[in-house]
Amino acid sequence: MPETKAGLRAAPPAAMQATDTADPRYYHRVVDCQWACPTHTDVPEYIRLIAQGRFADAYLLNRASNVFPGILGRVCDRPCEPACRRGRVEDKPVAICRLKRVAADLKGTGIADRLPKAPARLNGKRIACIGAGPASLTVANDLAPLGYAVTIFERHGAPGGLMRTNIPSFRLPQSVLDEEIGVILDLGVSLKLGAPIDSLSRLLAEGRFDAIFVGSGAPKGKDLPLPGRQAANVHIGIDWLESVAFGHTGSIGERVLIIGVGNTAMDCCRTSMRLGAKSVKVMARKPRSFFKASDWELEDAEEERVEIVVNHAPTAFVLDAGRVVGMRFNRMEYDLDGTRIVAERVVDEVTIPCDEVILAIGQENAFPWIERDAGVEFDRWDRPVVDPLTFQSTRPDVFFGGDAAQGPKNIIWAVEHGHQAALSIHAYLSGLAPADRPREAVRLSSRKMGLHEWAYKNDYAPLERRLMPHVSLKERFKKISIEVELGFTPEQAAQEAQRCLNCDVQTVFEAPQCIECDACIDICPVDCLTIATNGSEAEVRARLRAPALDPSQPLFVSAPLKQTGRIMVKDENLCLHCGLCAERCPTAAWDMQKSTLHWPHADYGSSTCHSHERKTA
Amino acid sequence: MTFMSKPKVAHPDLPRNALGLTRRDYEGANSTLCAGCGHDSITAAIIEACWANAVEPHTVVKLSGIGCSSKTTAYFLSGAHGFNSVHGRMPSIATGANAANRTLNYIGVSGDGDTLSIGLGQFCHAIRRNLNMVYIIENNGVYGLTKGQFSASADIGSKAKRGEVNRQPPIDPVQLAITLGASFVARSFSGDKAQLVPLLRAAMRHNGFALIDVISPCVTFNDHEGSTRSYAYAREHSEEAVHADFVPFASEIAVDYADGAAQTVTLHDGSRIVLRKVDADYDPSDPGVALDAIQQRMRRGEVLTGLLHIGQDAEDIHALGATPDTPLNAIAYESLSPGGDALRRVLESFR
Ligand SMILES: Cc1cc2nc3c(=O)[nH]c(=O)nc-3n(C[C@H](O)[C@H](O)[C@H](O)COP(=O)(O)OP(=O)(O)OC[C@H]3O[C@@H](n4cnc5c(N)ncnc54)[C@H](O)[C@@H]3O)c2cc1C
Ligand SMILES: Cc1ncc(C[n+]2csc(CCOP(=O)(O)OP(=O)(O)O)c2C)c(N)n1
Ligand code: SF4
Ligand code: SF4
Ligand code: SF4
Ligand SMILES: [Mg+2]
């Protein structure tokens with residue numbers, strides 16, 4: 001239909017509302033990586049700092065959000081990468097995680113005086129953290145500088161939690177762990193090693209602490225109760241990795257079967273290859289699309305000649321003289337409907353011989369040391385009832401975080417739980433309600449410098465993702481502690497950094513200025529923009545210049561435009577943040593403005609961010 | 001203008017035409033015009049129309065004169081042939097090229113200055129000869145390139161940026177073309193691609209001279225209060241008389257035209273134009289009716305747009321000249337240049 005003037009002016013009944021960009025979540029969400037990161041690390045900003053060679057600044061910016069950039073730059077689960085817009089524009093996301101490591105590797109030695117410091121005076125309040133994993137360490141990191149006396153109790157002889165006991169040193173060197181944990185301990189945190197807490201009630205009764213943070217993880221590996229399980233050469237994955245980490249186990253049989261195909265399985269199989277195994281098979285019950293392990297971990301394992309066997313469901317251990325000599329499996333077939341299994345059948349039965357079996361089928365949290373009458377309520381699955389916002393338990397002075405709070409997740413979630421629990425503890429001990437906490441805010445500031453000059457590098461770099469260099473297959477098996485990934489060189493880092501699209505440099509639109517000349521629409525390389533007649537969301541989506549097939553990606557909708565009453569619509573999905581729209585706009589209706597997210601931590605009172613103010617340079 | 005070039009990267013789900021190309025494949029060099037210029041929008045409409053018609057870029061010849069508008073042939077179809085002539089001389093270059101090779105698609109882009117002042121004579125004769133081409137006037141009422149003097153299309157009473165008022169009557173290329181017997185005459189607005197793109201698609205398939213006069217605001221020198229070529233003025237004062245939907249050969253007419261005011265015109269290649277008339281009495285095939293309506297509206301300060309006149313009977317330049325079907329470059333040299341004896345025989349026949 002032609003857009004006649006009358007047709008344009010009459011607002012259709014089911015019209016879309018103009019987007020409320022004052023809601024900090026709008027621009028935050030546009031920064032896909034930062035939105036996906038549980039701690040909301042300012043990824044584009046640290047990548048720009050790396051591009052400028054400011055590695056120490058990049059490191060410190062990371063640390064402010066994720067506390068362990070050196071560790072996470074190696075082993076983070078990196079939910080940011082599948083979210084990265086570059087991965088939708090091309091097929092590979094920016095190597096966000098590897099760039100984090102670059103910041104840690106190249107930061108140099110001069111940052112000591114820029115790290116948080118022990119306070120001059122304590123505030124008289126004492127906190128106990130149970131377990132020295134990343135969750136507890138984050139609580140200590142946030143609260144110690146505020147004057148709290150923090151004591152960490154750890155049952156093992158070294159701090160770090162699963163990062164030390166389960167993540168193998170060929171992925172995460174001890175020296176990196178020691179350095180980043182050391183910074184926290186240097187804040188005057190008291191660490192008690194070999195100090196298991198075996199009764200919460202007793203700890204509470206002693207009255208030594210004003211608040212308790214439970215960061216004890218999900219320490220129990222799941223068992224597989226099949227006939228023959230009692231044999232000595234069947235191991236539980238996380239226990240076995242722990243005994244390797246502490247040097248109690250130094251060898252393994254030649255033929256190893258790993259049951260399960262999650263991240264623990266990946267570490268078990270690669271560790272086995274380093275302890276003398278000749279053939280390692282990872283046995284998966286389902287097809288590849290159902291694997292829990294990350295793609296890169298699967299790739300790394302297969303590169304090391306680990307065999308991954310799909311569609312095998314274990315049915316029994318085969319014993320000979322009390323030792324396992326093989327395992328029986330049902331070979332399965334599945335009917336899929338999209339990504340869902342709708343039917344399954346057993347095709348036949350096979351026995352696979354082996355010398356050792358490692359079970360890597362998941363973890364559970366277990367709290368044998370928390371008396372059920374201590375005031376902390378447990379739900380019907382015997383999990384502690386924890387507020388998802390405040391991490392407070394039903395007992396106001398007891399908080400949970402990390403794997404202990406919500407079951408096994410990963411380090412970066414443990415860190416975020418730690419930040420939020422610390423904020424709650426600080427509020428609680430200041431006499432405030434933890435639920436009544438400060439919220440995120442976004443600050444905008446224009447990047448315009450001149451007619452064609454922006455205070456960021458806005459041209460699109462047509463570069464492919466850099467490949468991570470690895471130690472040769474021959475070298476890496478010589479010692480378990482040889483780190484496989486070598487890290488990017490400064491040159492690789494500089495190139496990879498250019499792939500970032502600067503998604504935090506937002507396209508900010510002022511409807512009253514638009515004269516509907518179409519310049520922005522015609523120049524946009526990825527056809528994000530449309531001036532459309534308003535309607536329901538489905539109607540508006542159908543009117544866009546290029547299909548907007550991903551409903552999870554927001555549409556920006558402007559107020560009605562002056563001349564025709566139509567609306568400016570932007571599909572955020574593929575925007576390159578190239579600034580061409582702003583550059584071609586004759587009236588500066590579009591501007592490129594950097595958004596800075598303020599995500600409150602326990603120190604919110606001392607930081608200077610105000611809620612979504614606008615500043616134009 | 002933009003210093004950074006538009007990156008090659010494109011939306012992965014862009015639709016492809018019958019040649020497997022996306023509209024990005026029909027782009028040209030970066031525009032160096034002022035940001036917001038109507039001309040850039042017309043460039044985008046030409047790109048869209050060529051893509052939608054699935055023309056092969058190398059079968060297109062882009063022709064222009066001098067002016068901001070005439071620069072724009074560089075900004076679309078980098079795979080096409082092109083010729084920037086001197087000021088106002090595009091029609092003669094087009095005539096020569098078309099005489100030599102009738103199989104190519106000729107798109108001429110000119111300005112109101114280039115066409116209606118220095119090039120007025122050439123423009124009229126191209127129409128008379130019924131040159132098979134699309135002739136686009138990017139009409140901003142000023143000489144943009146030379147910094148905004150009134151052009152011959154400026155309306156009486158229109159104000160220049162510095163305040164002086166135009167007192168000479170305008171030349172309206174649409175009325176002129178209809179009087180000269182042009183068979184496809186349309187007017188549109190750079191800010192209305194929903195109207196312009198189908199017009200361009202139909203014009204490219206029309207056999208003979210197709211004029212589209214496109215109101216195209218000059219953001220720098222003629223987009224102010226008091227101008228009759230500003231974005232705001234054009235939107236406020238234009239009224240679509242006949243909307244043309246282009247329906248390619250062998251495609252179904254998808255839209256349901258219930259109101260009876262729709263009329264179908266079949267073009268030489270079998271494609272069709274469905275005309276939707278706002279006023280049922282308007283007959284676009286009758287030049288007299290068209291001129292009447294245009295003038296009536298003009299007296300009320302309104303500008304009629306759309307496909308204002310279409311005729312299908314006029315013979316084009318090749319029919320008039322009885323030229324061979326084959327382009328000259330495909331005719332064997334001996335036939336093209338039959339030698340001295342043949343020339344003598346021809347001369348003999350005139351004695
Ligand atoms: C094999 C394996 C590989 C993994 N790889 C990765 C990876 O690559 N990337 C990633 O992000 N995540 C990975 N994870 C997950 C990640 O390690 C955990 O999610 C994370 O460490 C959880 O942190 P946390 O602080 O909650 O607990 P934990 O790290 O589990 O730390 C809890 C600590 O509490 C101590 N503790 C427990 N009970 C008591 C008690 N009663 N008294 C005193 N101390 C106690 C434990 O000894 C332990 O040191 C992996 C997990 C496993 C099992
Ligand atoms: C023979 C000659 N005379 C004069 C000029 C100066 N001149 C250059 S462009 C132009 C007018 C262009 O006006 P128009 O065709 O409307 O183009 P616009 O820039 O407005 O798009 C003139 C007079 C010239 N280049 N050549
Ligand atoms: S910044 Fe503007 S021109 Fe560039 S991709 Fe995004 S919307 Fe398009
Ligand atoms: S370039 Fe500016 S004025 Fe023109 S349509 Fe886009 S936002 Fe509106
Ligand atoms: S001077 Fe006018 S016509 Fe020329 S590019 Fe600028 S806006 Fe367009
Ligand atoms: Mg002009």
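The values are calculated or read from the model by the stated rules, or taken from the named source; none is laboratory data. The shown structure was predicted, so the numbers you read here are calculated from the model rather than taken from an experiment. So basically every Cβ, Gly included, is an ideal-geometry build from the backbone, and we count neighbours across all protein chains shown. Ligands, DNA and RNA are stripped out before the accessible areas are found, and what is left, the full protein with its side chains, is counted by its heavy atoms. Shrake-Rupley method; radii C 1.70, N 1.55, O 1.52, S 1.80 Å.
Scan the helices (runs of 4 or more DSSP H) fully inside region A:145-226 and keep the ones with 1 or more residues being crowded, with 19+ Cβ neighbours inside 10 Å and over 28 Å from the mean Cα position of the chain (by Cα).
The helices (runs of 4 or more DSSP H) meeting that bar are A:200-206.
Any residue at all in region A:230-242 that is in a loop (DSSP other than H, G, I, E, B), without any contact (Cβ under 8 Å) to a residue 24 or more places away in the chain, within 30 Å of A:Ala149 (Cα to Cα) and out of contact with any His (no Cβ under 6 Å at 6 or more places or on another chain)?
The answer is no; no qualifying residue exists.
Of the residues B:Ala49, B:Ala29, B:Ala54, which is without any contact (Cβ under 8 Å) to a residue 40 or more places away in the chain and away from ligand 4 (no atom under 16 Å from the Cβ)?
B:Ala54
Please verify whether region B:201-217 includes one or more residues that are assigned to a strand (DSSP E or B), within 16 Å of ligand 5 (Cβ to nearest atom), of a type in the set (D, E, K, R) and crowded, with 21+ Cβ neighbours inside 10 Å.
yes
Any residue that is of a type outside the set (S, T, N, Q), modelled with pLDDT of 95 or more and within 15 Å of the chain's Cα centre (by Cα) - is there at least one of those in region B:50-57?
Yes, the conditions are met somewhere in region B:50-57.
Of the residues that make up region A:533-548, is at least one more than 8 Å from every other protein chain (Cβ to nearest Cβ) and near ligand 3 (Cβ under 10 Å from one of its atoms)?
No, region A:533-548 has no match at all.
Would you confirm whether or not region A:487-505 contains a residue that is in contact (Cβ under 8 Å) with a residue 60 or more places away in the chain, among the β-branched types (Val, Ile, Thr) and away from ligand 3 (no atom under 13 Å from the Cβ)?
No, region A:487-505 contains no residue that is in contact (Cβ under 8 Å) with a residue 60 or more places away in the chain, among the β-branched types (Val, Ile, Thr) and away from ligand 3 (no atom under 13 Å from the Cβ).
Which condition breaks for A:Gly450 when tested against (1) open to solvent by 60 Å² or more (accessible area, probe 1.4 Å); (2) within 14 Å of chain B (Cβ to nearest Cβ)?
With respect to (1) open to solvent by 60 Å² or more (accessible area, probe 1.4 Å); (2) within 14 Å of chain B (Cβ to nearest Cβ), A:Gly450 is out only on (1).
Here are some residues: B:His39, B:His81, B:His58. Which one is touching a helix residue (DSSP H, G or I) at 6+ places or on another chain (Cβ under 6 Å) and either within 16 Å of B:Gly108 (Cα to Cα) or open to solvent by less than 10 Å² (accessible area, probe 1.4 Å) (or both)?
B:His39
Which condition number in (1) touching an Asp or Glu at 6+ places or on another chain (Cβ under 9 Å); (2) charged (D, E, K, R); (3) closer than 30 Å to A:Arg74 by Cβ is the one that A:Asp403 fails?
So A:Asp403 meets the others, but not (1).
Could you tell me how many of the residues in region A:516-531 are near ligand 4 (Cβ under 6 Å from one of its atoms) and assigned to a helix (DSSP H, G or I)?
2
How many of the residues in region A:70-124 are assigned to a helix (DSSP H, G or I) and without any contact (Cβ under 8 Å) to a residue 40 or more places away in the chain?
5
For every residue, the table says whether it meets (1) away from ligand 6 (no atom under 14 Å from the Cβ); (2) in contact (Cβ under 8 Å) with a residue 12 or more places away in the chain.
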position	(1), (2)
B:Asn130	yes, yes
B:Leu145	no, yes
B:Ser151	no, yes
B:Asp155	no, yes
B:Ser158	no, yes
B:Arg162	yes, no
B:Gln168	yes, yes
B:Ala177	yes, yes
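Considering (1) within 27 Å of B:Ser230 (Cβ to Cβ); (2) in a helix (DSSP H, G or I), say which one B:Arg187 fails and leave the rest.
B:Arg187 satisfies all of (1) within 27 Å of B:Ser230 (Cβ to Cβ); (2) in a helix (DSSP H, G or I) except (2).
Which condition from (1) of a type outside the set (D, E, K, R); (2) assigned to a helix (DSSP H, G or I); (3) surrounded by fewer than 21 Cβ atoms within 10 Å (Cβ to Cβ) is the one that B:Thr72 breaks?
The one condition B:Thr72 does not meet is (3).
Taking A:Thr315 as the residue in question, decide whether it is touching a residue at least 40 places away in the same chain (Cβ under 8 Å) and within 26 Å of the chain's Cα centre (by Cα).
Answer is no for this residue.
Here is a yes/no grid of residues against (1) away from every other protein chain (no Cβ under 14 Å); (2) within 11 Å of ligand 2 (Cβ to nearest atom); (3) farther than 25 Å from B:Gly306 by Cα:
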| residue | (1), (2), (3) |
| --- | --- |
| B:Asp112 | yes, yes, no |
| B:Ser151 | yes, yes, no |
| B:Ala154 | yes, yes, no |
| B:Lys159 | yes, no, yes |
| B:Gln175 | yes, no, no |
| B:Phe184 | yes, no, no |
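Looking only at region B:168-223, how many residues end up being within 16 Å of ligand 4 (Cβ to nearest atom) and on the phi > 0 side of the Ramachandran plot?
Going through region B:168-223 one residue at a time, the tally reaches 0.
What about A:Cys575, is it closer than 18 Å to B:Gly38 by Cα, within 13 Å of chain B (Cβ to nearest Cβ) and either touching a helix residue (DSSP H, G or I) at 6+ places or on another chain (Cβ under 6 Å) or not polar (S, T, N, Q) (or both)?
When the stated conditions are applied, A:Cys575 does not pass them.
Determine whether B:Ser78 is more than 9 Å from chain A (Cβ to nearest Cβ), assigned to a loop (DSSP other than H, G, I, E, B), of a type in the set (S, T, N, Q) and in contact with a Gly (Cβ under 7 Å, 6 or more places away or on another chain).
Answer is yes for this residue.
For region B:31-75, enumerate the residues that are more than 11 Å from chain A (Cβ to nearest Cβ) and aromatic (Phe, Trp, Tyr).
B:Trp51
Restricting to region A:550-570, give me the number of residues that are crowded, with 20+ Cβ neighbours inside 10 Å, part of a loop (DSSP other than H, G, I, E, B) and away from every other protein chain (no Cβ under 13 Å).
Residues meeting the conditions: 1.
One residue is enough: does region B:233-248 have a residue meeting the conditions within 30 Å of B:Cys37 (Cα to Cα) and within 16 Å of ligand 6 (Cβ to nearest atom)?
yes
Suppose we filter region A:430-447 for residues that are farther than 30 Å from A:Gln593 by Cβ and either in contact with a helix residue (DSSP H, G or I) (Cβ under 6 Å, 6 or more places away or on another chain) or within 14 Å of chain B (Cβ to nearest Cβ) (or both); how many remain?
1
Give region B:17-30 a look and list any residue that's surrounded by fewer than 17 Cβ atoms within 10 Å (Cβ to Cβ) and within 12 Å of another protein chain (Cβ to nearest Cβ), or say none.
Matches in region B:17-30: B:Asn30 only.
Take residues that are acidic (Asp, Glu) and tell me which of the strands (runs of 3 or more DSSP E) falling wholly in region A:317-406 contain 1 or more.
A:323-337, A:340-353, A:356-359
Mind listing just one residue for me: the one in region B:194-211 that is within 27 Å of A:Thr587 (Cβ to Cβ) and in contact with a Ser or Thr (Cβ under 7 Å, 6 or more places away or on another chain) and, of those, nearest to the other protein chains (Cβ to nearest Cβ)?
B:Gln195
Out of curiosity, is A:Arg323 under 16 Å from A:Leu224 (Cβ atoms), open to solvent by 60 Å² or more (accessible area, probe 1.4 Å) and among the basic types (Lys, Arg)?
Spelling it out, it is not the case that A:Arg323 is under 16 Å from A:Leu224 (Cβ atoms), open to solvent by 60 Å² or more (accessible area, probe 1.4 Å) and among the basic types (Lys, Arg).
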